[in-house]
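To keep things clear, I will list the structure first and then write my remarks on it.
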Amino acid sequence: MTVRINGNGEFTGLTDITATDITATDEVTTDCLNLQGYTSGYSKIKSPDVAGDQTFTLPAVGGTLSIGGVLQIVEGSTSTSVICDTLDYVDTGLTATITPSSSTSKILVIINQLIQLYSTQSTQGCGIKVFRNSTVIVEPPAITNAPFTEYLSMSSGGLNYYTIYCRTLLDSPNSTEALTYKTQGRPTTLAGSGVLQSPIGPKFCFQHLSNRGCIMIELKTNNHPH
C-alpha cells in the first residue's frame with residue numbers, strides 16, 4: 001500500500017487500507033510520521049518538542065535526499081627527511097591524493113608533521129604552506145615577508161627546537177578530479193645558519209609523525225539530492 005501526500009494537502013491511497021494492513025504490533029502515534037521501508041522496517045520523522053507550527057520546505061528537484069556522512073578516508077605519509085637552507089619554499093615530501101566522489105563533497109584535511117628549528121643565534125622560525133594541487137589554501141602569517149608559522153626567541157645563545165605542525169582545515173574543492181594535498185616550508189631567516197631539516201641533524205626539518213602525516217576525509221554534505 002502506498003500513501004501519497006499531494007501538493008494540495010490531500011491524501012490518496014488511504015482507501016486501500018484493509019484489516020490485514022493493521023496488526024497488533026503496529027505503532028500508532030500522533031507526534032510522528034513513519035515512512036515504511038520497501039522491504040521491511042521504517043524511518044520515523046518525529047515532531048520537535050516545541051510549541052508552535054514548524055514548516056519544512058522540500059527542494060523542487062527530483063532525486064534522493066541524503067544525510068551527511070563519511071564517504072572515504074585517505075592517508076599519506078613520508079619517512080624521508082627534507083632539509084631547507086634557503087628562503088624559497090620547498091616541498092616537504094608529505095603528500096596525499098584523494099578523488100572526491102561528488103563535486104559537493106567537502107574534504108577534511110588533518111596534518112601532523114614533526115619539524116625542527118635550528119640556529120646558532122637566539123631566534124628562528126619557519127613558514128608552512130598547504131597546497132591543493134597548485135593552489136595555496138593555507139598561507140602562513142608574515143612580517144616584512146618573513147613567515148612565522150612557528151617562531152622561537154631565546155634570551156641568549158643558539159636554539160634547537162622540535163615541534164609538531166598540526167593543521168585541520170575543511171576544504172570545498174568543488175571537483176571530482178584527483179586532488180593532491182601537500183605542504184611546503186622554509187625557515188624564517190638564514191641568520192645563524194638557520195635551516196629547516198629532519199630531527200637528525202642541526203637543521204630545519206620536516207618528517208612524518210608515526211606514519212600519520214596527512215589524513216583526508218571526504219564528507220558528504222547535507223540535503224543535496226543525488
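Derivation of every value follows stated rules applied to the coordinates shown; laboratory data play no part. Keep in mind that this is a model prediction, so the values were computed, not measured. No Cβ is skipped: glycine too gets one built from the backbone with ideal geometry, and neighbour counts run over all protein chains shown.
Structure summary
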read-out	value
Top positive-direction residue, dipole computed over segment 69-220 with Cβ charges, set ILE110, THR180, GLY93	ILE110
Derived scalar couplings ³J(HN,Hα) [segment 75-80; Karplus, 6.51 cos²θ - 1.76 cosθ + 1.60; whole Hz; x for Gly, Pro]	10, x, 8, 8, 10, 9
19 Å reach of a label modelled at GLN121, 7 Å along Cα-to-Cβ, counting backbone N of segment 133-153	142-153
Spatially proximal lysines relative to LYS220 (Cα-Cα < 29 Å; intrachain offsets below 8 disregarded)	LYS44, LYS46, LYS106, LYS129, LYS182
Packing rank of 157-168, 114-125, where each peptide gets the mean count of other beta carbons within 10 Å, highest leading	114-125, 157-168
